[in-house]
1. Tally the residues that are surrounded by fewer than 20 Cβ atoms within 10 Å (Cβ to Cβ), in a loop (DSSP other than H, G, I, E, B) and of a type in the set (Ser, Thr, Tyr), restricting the search to region 218-269.
2. How many residues does region 106-155 hold that are under 18 Å from SER49 (Cα atoms), in a loop (DSSP other than H, G, I, E, B) and among the polar types (S, T, N, Q)?
3. For the condition part of a strand (DSSP E or B), out of contact with any Pro (no Cβ under 9 Å at 6 or more places or on another chain) and farther than 27 Å from PRO87 by Cβ, what is the one hit in LYS359, LYS342, LYS281?
4. Looking only at region 344-360, filter to residues that are free of Cβ contacts under 8 Å to residues at least 24 places away in the same chain and closer than 19 Å to ASP296 by Cβ; which one of those is nearest to the chain's Cα centre (by Cα)?
5. Find the residue count for region 145-154, including only residues that are surrounded by fewer than 24 Cβ atoms within 10 Å (Cβ to Cβ) and farther than 15 Å from LYS215 by Cβ.
6. SER312 versus (1) touching a Leu at 6+ places or on another chain (Cβ under 6 Å); (2) within 23 Å of THR69 (Cα to Cα): which is the lone unmet condition?
7. Could we say that LYS67 is farther than 27 Å from ILE257 by Cβ and not polar (S, T, N, Q) here?
8. Condition check: outside the structural domain of ILE198 (by TED's automatic domain parsing) and either more than 16 Å from TRP122 (Cβ to Cβ) or of a type in the set (A, V, I, L, M, F, W, C) (or both). Does LYS67 satisfy that?
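The values are calculated or read from the model by the stated rules, or taken from the named source; none is laboratory data. Fair warning: this is a prediction, and the values are worked out from it, not measured in the lab. Ideal geometry is used to build each Cβ from the backbone, glycine not excepted, and the neighbour counts take in all protein chains shown.
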Amino acid sequence: MKATALTHIHEALGAKMVPFAGYNMPVQYEGINVEHKNVREHLGVFDVSHMGEFFLKGEKALELIQKVTSNDASKLEDGKIQYSCMPNDKGGIVDDLLVYRIKSDEYMLVVNASNIEKDWNWIEKHNTFGVEMINSSDDYSLLAVQGPKAVKVLQKLTDINLSEIKYYTFSLGEFAGLQDVILSATGYTGSGGFEIYIKNKDAEKVWNAIFEAGKEDNIRPVGLAARDTLRLEMGFCLYGNDINDTTSPLEAGLGWITKFTKEFVNSEALKQQKQEGITRKLVGFELLERGIPRHDYIIADEKGNEIGVVTSGTMSPSTGKAIGLGYVTKEFSKADSKIFIKVRKKNIEAKVVKLPFYKG
């Protein structure tokens, strides 16, 4: 099992460590609810160094990205980021990812930890453009500093005007005494903040600098468990749960990142699916009775007929409601549709709601 450059710090802090995507990762420190609430109200720091970073360089780097991703990366300018996905050739999704445009012939792709090897092989297979590909996943550490106090705290460590780094943009500059640090604002929590990409050798120095800068602002380390509850309250998809090799981006509500103004892997089949209409859709729902929905629980109609499956579920710390995401047949996908979640042997009433669950 791999360790991040900060694993020894998490262990010293008493974090509960679990295997995740081949890494020994902190799932929680003080408790999910405490950590979750602290991100919503103050500031939390996540070690997400297990994520993958690929650099694509060369005059045809954009052509390769356009071929393998569904969104239109030609719309990117230097310093801009795009959320996208890589469709497979069977109607599903290889992975969802972030595309960073560093300059016109250099891009960084940020991919999910569990898919690093799969994604690399997939992109390499389609690299008929002579693009230089560099897998830097093992060289970089990644800290996500999330919460309403992020700008105030991190501004102490950089001359970059952080309030000018808008959502889905990034800046390259000095941070905590280091040069060429990537600071971005993509977020996965819905509470604002930044991601900081640094080399492994500098990770501990930066971690300590951030906690020193935030000590008067209730800064806390946060584990992967609260990261999951935070992203679920926003209705953000998690690969392996809500999207995978068998889910179409159109079914998953990712039509907005599926642009048919260009050709990409399996674009014709997805275009046909759009024209014919999807038969199932990913929706958000909340339980109207006591219970907690879990991954793979069956979703049924009023008569008990199976109409879908839960992909993610939790008790929302921010709203106090049991919430979830799941695929249902299209006729049950409208807001306020009555559905039932099979929890053990009981059918618990729920209703479909518009996302996000949390509106901060």
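1. Of the residues in that region, 2 qualify.
2. Of the residues in region 106-155, 3 are under 18 Å from SER49 (Cα atoms), in a loop (DSSP other than H, G, I, E, B) and among the polar types (S, T, N, Q).
3. LYS342
4. Out of the qualifying residues, it is ARG344.
5. So the answer is 2.
6. Among (1) touching a Leu at 6+ places or on another chain (Cβ under 6 Å); (2) within 23 Å of THR69 (Cα to Cα), SER312 violates only (2).
7. no
8. no
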